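The values are calculated or read from the model by the stated rules, or taken from the named source; none is laboratory data. Fair warning: this is a prediction, and the values are worked out from it, not measured in the lab. Using ideal geometry, Cβ is built from the backbone for each residue, glycine included, and neighbour counts are taken over all protein chains shown.
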Amino acid sequence: MATAQESSPIDVKRPRPRVLIIGGGFGGIYAARRLRGADVDVTLLDRGTSHVFQPLLYQCATGLLSEGEISSPLRHLLRGHGNVHVALGEARSIDPDAKVLTASRFDGSDFDLPYDYLIVAAGMRQAYHGHDEYIQWAPGMKTVDDALAIRRKLISAFEMAESLPTAKERRPWLTFAVAGGGPTGVEMAGQIRELATHSLAHEFQAIDPSEARVLLFHGGDRVLQSFDRRLSAGAQRTLDKVGVETHLGVHVTDVCETGIETTSGDQAGIKKFYETRTVLWTAGVEAVPFAAVLADALGVTQTHGGRITVEPDLTVPGHPDIWVIGDLMSLKDLPGVAEVAMQSGKHVGGCIARMVPGGSPDRRPFKYRDFGSAAYIARRQALLQAGPIRISGFAGWVAWGVIHIAFLAGYRNRFGTLLNWAATLATGSRRERAITYGDPESARQPYADPSPES
Ligand SMILES: Cc1cc2nc3c(=O)[nH]c(=O)nc-3n(C[C@H](O)[C@H](O)[C@H](O)COP(=O)(O)OP(=O)(O)OC[C@H]3O[C@@H](n4cnc5c(N)ncnc54)[C@H](O)[C@@H]3O)c2cc1C
C-alpha cells in the first residue's frame, strides 16, 4: 500500500521540457529572456560567444566603435537566467524524430543536444548570388569578423597609398567601391567619406585622404528603396553633398583583386571597369547554411533567399515543436529587421512559457507591431520612417541615435558608444583603427559548411 508521502504529487518527478534555441542574435536573445524563470530548461546555442548588434557593424568597420562596444558576451547577458544555459557550437544536423540536434565545436568534434521544443533563430548571411569567388576581394557585413576585415582593408588602403610614389599608383588604393544601395551600403559609403574627410584628413603627409573616391553601385533606380521616395531622395542629396558618387541601375558583373566591373541597363550592357583595391559587398542576404539542413530534415522547401515559411504561430508546417523566427522566417512580407526578430523571439518565448504543465505551448498567432526603421546617412543626417511619420536631417539623426542606444545590449556598451560618438562629433577623430591580420577566409565560415546530406 502506498504511503501518503509516496502518493504525494510533489514526489512525481516530471522532467522539465527542454527548449533549445539556435542563435543568440536578436531573435534568440529575446526568446531566452522571455523564458527566464519559466518551468523549462533552456539551452541557447550559438557559433559565436557574443550577441552582435549588427546595425552598428559599419561603425566598427570604419574605426568609430570597437568590436566590444557593439557586442556582448552571451554568457554575461544571460548570467541571471538560472534556467538558461549557453552552449558554444555550430548546429550542423538534426533528427526531428528523435528530437536531437547535433552541433560541432570549434575543433570539429560533435556533441548532441536533445530537445522537446526547438526555436531556430540562426539569421542570414551575405549573399553573393552564385559568385562566392567575390568573397576574397569583397567582404560582406554580417559578422564582427566581416567588420574587422573591412576595417583592415580600409585602413591599409590609406597606408598603402601613403607609401606609393606616384598619384597613378595611389589612385586605386584611394578608390573605394560599395556594392548595394540599401541601408548598409549607404551607411558604409557615407562613413568612408567621413573617415577620409574628417578623421584622417590631417594625419598623412604624402596623400590627402579627403581625395578618396567612394563609388556606390546599386541595381535599383534609387537608394534606400525600402524607405519613402522623398526620404530616399533626401538621402541621395546628402550622399552627393558628402562626395559619394552614386551609380544607379548598375549591376556588378565581376570583382577581382584590381577592381570591379559593372554593366548598366541603360547602356545596352556596356561593361565598365573601375580600378580599386577596396570593394565592399552589401548586395543581398541569404539563409545561413543550417537552414538548408533543417529544411531537408523537416521536408519543407525554402523560399526567397532560403528562408523557411512558417505558420501564423511561427511553427514550421507539420512540426508544432519547431519554430523559426527572426530573419530566417518567411511570414507574409515581414522585413528582415531587428524589431521583427525581437518581437518574434518574445512571442515564441511567451507561447512556451504560458504552456500549461504537461500540456502544449500556446498557439496564438504572431502579431507584428511596426515601429518603423531608421538609416544613418552622414554626420548629423539620418532618416526615420515610422507609420505616417517621416523625419530626416538633424532630427532624424537624433531619433536614429536614441533608437540605437536604446537597443544596444548592456549599459556599459551604451555609455561607451555615447562617449565615442560625442568625442568623434567634437573632434572628428576615430580611435578604433587598430587592425589585425586574421585569415580573411575565416570571416566567411570558421566552421566547415554543413551539407544537407551530412
Ligand atoms: C550591417 C547591418 C545593419 C543592419 N541595420 C539594421 C537597422 O538599422 N535596423 C534594423 O532593424 N535592422 C538592421 N539590420 C538587420 C538586423 O540586424 C537583423 O534583422 C537581426 O539581426 C536579425 O536577428 P536574428 O536573431 O534573426 O539573426 P541574427 O541577429 O543574425 O543572429 C543569428 C545568430 O545565429 C547564429 N548562428 C547562425 N548559424 C548558426 C548555427 N548553425 N549554429 C549556431 N549558431 C548559429 C549567429 O552566430 C548569430 O548569433 C542590420 C543588419 C546588418 C547586417
Residue list for segment 16-68, filter: out of contact with any strand residue (DSSP E or B) (no Cβ under 7 Å at 6 or more places or on another chain), away from the ligand (no atom under 14 Å from the Cβ) and either within 17 Å of I119 (Cα to Cα) or among the hydroxyl-bearing types (S, T, Y) (or both): A38, D39, S66
Name the pairs whose Cβ atoms lie under 6 Å apart, with the first residue in segment 180-194 and on the phi < 0 side of the Ramachandran plot, the second among the polar types (S, T, N, Q), and 6 or more positions between them or separate chains? T184/T282; G185/T282; Q191/T62
Within segment 69-106, considering residues that are assigned to a loop (DSSP other than H, G, I, E, B) and within 14 Å of the ligand (Cβ to nearest atom), the one modelled with the lowest pLDDT: F106
Restricting to segment 264-274, name every residue that is modelled with pLDDT of 70 or more and loosely packed, with under 13 Cβ neighbours inside 10 Å. G265, G269, I270, K271
Among R414, R380, which is the only one that is modelled with pLDDT of 90 or more and out of contact with any Ser or Thr (no Cβ under 7 Å at 6 or more places or on another chain)? R414
Can you pull out the residues in segment 116-136 that are surrounded by fewer than 22 Cβ atoms within 10 Å (Cβ to Cβ) and within 15 Å of the ligand (Cβ to nearest atom)? M124, R125, A127, Y128
Residue satisfying condition, being touching a residue at least 40 places away in the same chain (Cβ under 8 Å) and crowded, with 21+ Cβ neighbours inside 10 Å, within set V348, V340: V348
Scan of segment 325-363 for residues that are within 28 Å of the chain's Cα centre (by Cα) and more than 16 Å from the ligand (Cβ to nearest atom), ordered by number: G350, C351, I352, A353
Matching residues, segment 224-244, being touching a Pro at 6+ places or on another chain (Cβ under 8 Å) and buried (at least 19 other Cβ atoms within 10 Å of the Cβ): L224
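Could you tell me whether segment 159-182 includes any residue that is part of a helix (DSSP H, G or I), within 15 Å of the ligand (Cβ to nearest atom) and within 29 Å of T49 (Cα to Cα)? If you could, list the steps in order and put the result at the bottom.
Keep residues of segment 159-182 that are part of a helix (DSSP H, G or I), which gives 159-163, 167-174.
Right, trim to within 15 Å of the ligand (Cβ to nearest atom) and you get none.
No, segment 159-182 has no match at all.
Here are some residues: R431, R414, R369. Which one is more than 15 Å from the ligand (Cβ to nearest atom) and within 23 Å of Q343 (Cα to Cα)? Quick ask: steps written out before the conclusion?
Numbers: R431 fails: within 23 Å of Q343 (Cα to Cα); R369 fails: more than 15 Å from the ligand (Cβ to nearest atom).
Only one candidate passes the filter, namely R414.
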Go through segment 352-380 and report how many residues are small (G, A, S), surrounded by 12 or more Cβ atoms within 10 Å (Cβ to Cβ) and without any contact (Cβ under 8 Å) to a residue 60 or more places away in the chain. 3
